[in-house]
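For reference, the structure discussed in these notes is given below.
The values are calculated or read from the model by the stated rules, or taken from the named source; none is laboratory data. What you see is a predicted model, and the numbers here were worked out from it, not measured in a lab. Positions of Cβ are generated from backbone atoms using ideal geometry, with glycine treated the same way; all protein chains shown enter the neighbour counts.
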Amino acid sequence: MEFEPKIFRTIVFVRHGQYSSDPEKLTALGRKQAKKTAKALAMLKPVKLHCSTMPRAMETATIISEQVGLSFKAHDMFREGRLAGSTEYDKKFTKDMTAAEKKVHRQKIKEARANAHQAFKKLFKPPQKGQSTEIVVAHGNVIRHWVCKALEIPEERWMKMDVSHTSITTIRVSKAGKLILLGFADTGHLPLGMRTYV
């Protein structure tokens, strides 16, 4: 890949902000994280904003949307899902499941993988002209999964990575379809006291 390609698309993945699960919504800190992140993203002058259909991602995308001046479209293909992990982890996770529960578990993995592959195919199409930046607000497991896929390493290696809330991961796509990881799980836009993982 040439060092300074003239035609490229930059995909910026943002994990949602810190959230509570019942009901699912951003915490006060999660909203602050999203606002700080939105200010950093505005400097990139994005042309598109996508997000998962899960409430924590949509709330984060709403805050980003207000700052970058873009509406967003939520889609199920960006949702968090039960992606396959290492064989050892999956064995431990499923060891006490009944046969019926294991069948449901396998189906959820299949659906999550299909969604993740659909999103990857959509996002990483080689651009034909110009330069553009798109933002995707999603979830830690799928962002790590997409990074593994972009780097052409086994997809289950996502379990050996971690991304904090509203961290930024950046991948560039050249006209030739080459992918380069520009940054992973960057939190430089957040003060140390605002960085959280769970």
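Key figures
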| read-out | value |
| --- | --- |
| Residues of segment 148-198 classified as touching a residue at least 40 places away in the same chain (Cβ under 8 Å), within 17 Å of PRO126 (Cα to Cα) and not basic (Lys, Arg), total | 9 |
| Segment 34-55, subset part of a helix (DSSP H, G or I) and free of Cβ contacts under 8 Å to residues at least 60 places away in the same chain, residue farthest from LEU192 (Cα to Cα) | PRO55 |
| Residue that is surrounded by the most Cβ atoms within 10 Å (Cβ to Cβ), among those in segment 119-158 that are acidic (Asp, Glu) and closer than 16 Å to GLU80 by Cα | GLU155 |
| Answer from LYS103, LYS95 - the residue that is farther than 30 Å from GLN33 by Cα and at pLDDT 90 or above | LYS103 |
| Criterion: of a type outside the set (Gly, Ala, Ser), under 22 Å from VAL142 (Cα atoms) and in contact with an Asp or Glu (Cβ under 7 Å, 6 or more places away or on another chain) - qualifying residue of LYS102, LYS108, LYS25, LYS92 | LYS25 |
| Criterion violated by GLY85 - all others in (1) more than 22 Å from THR170 (Cα to Cα); (2) assigned to a loop (DSSP other than H, G, I, E, B); (3) free of Cβ contacts under 8 Å to residues at least 40 places away in the same chain satisfied | (3) |
| Residue tally, condition farther than 20 Å from PRO154 by Cβ and either of a type outside the set (Asp, Glu) or in a helix (DSSP H, G or I) (or both), over segment 92-104 | 9 |
| Those residues of segment 1-23 which are modelled with pLDDT of 95 or more and either among the aliphatic types (A, V, I, L, M) or exposed (fewer than 15 other Cβ atoms within 10 Å of the Cβ) (or both), in sequence order | ILE11, VAL12, VAL14, SER20 |
| Out of ALA116, ALA99, sole residue that is of a type in the set (Gly, Ala, Ser) and surrounded by 15 or more Cβ atoms within 10 Å (Cβ to Cβ) | ALA116 |
| Test: residue in segment 66-85 that is of a type in the set (S, T, N, Q) and either at pLDDT 90 or above or in contact with a strand residue (DSSP E or B) (Cβ under 8 Å, 6 or more places away or on another chain) (or both) | yes |
| Selection status of GLN67, farther than 23 Å from GLN18 by Cβ, among the polar types (S, T, N, Q) and assigned to a helix (DSSP H, G or I) | no |
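Residue-wise test of (1) modelled with pLDDT of 95 or more; (2) more than 14 Å from the chain's Cα centre (by Cα).
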position: LYS129; (1), (2): no, yes
position: ASN141; (1), (2): no, no
position: HIS145; (1), (2): no, no
position: GLU155; (1), (2): no, yes
position: TRP158; (1), (2): no, no
position: SER174; (1), (2): no, yes
position: LEU179; (1), (2): yes, yes
position: LEU190; (1), (2): yes, yes
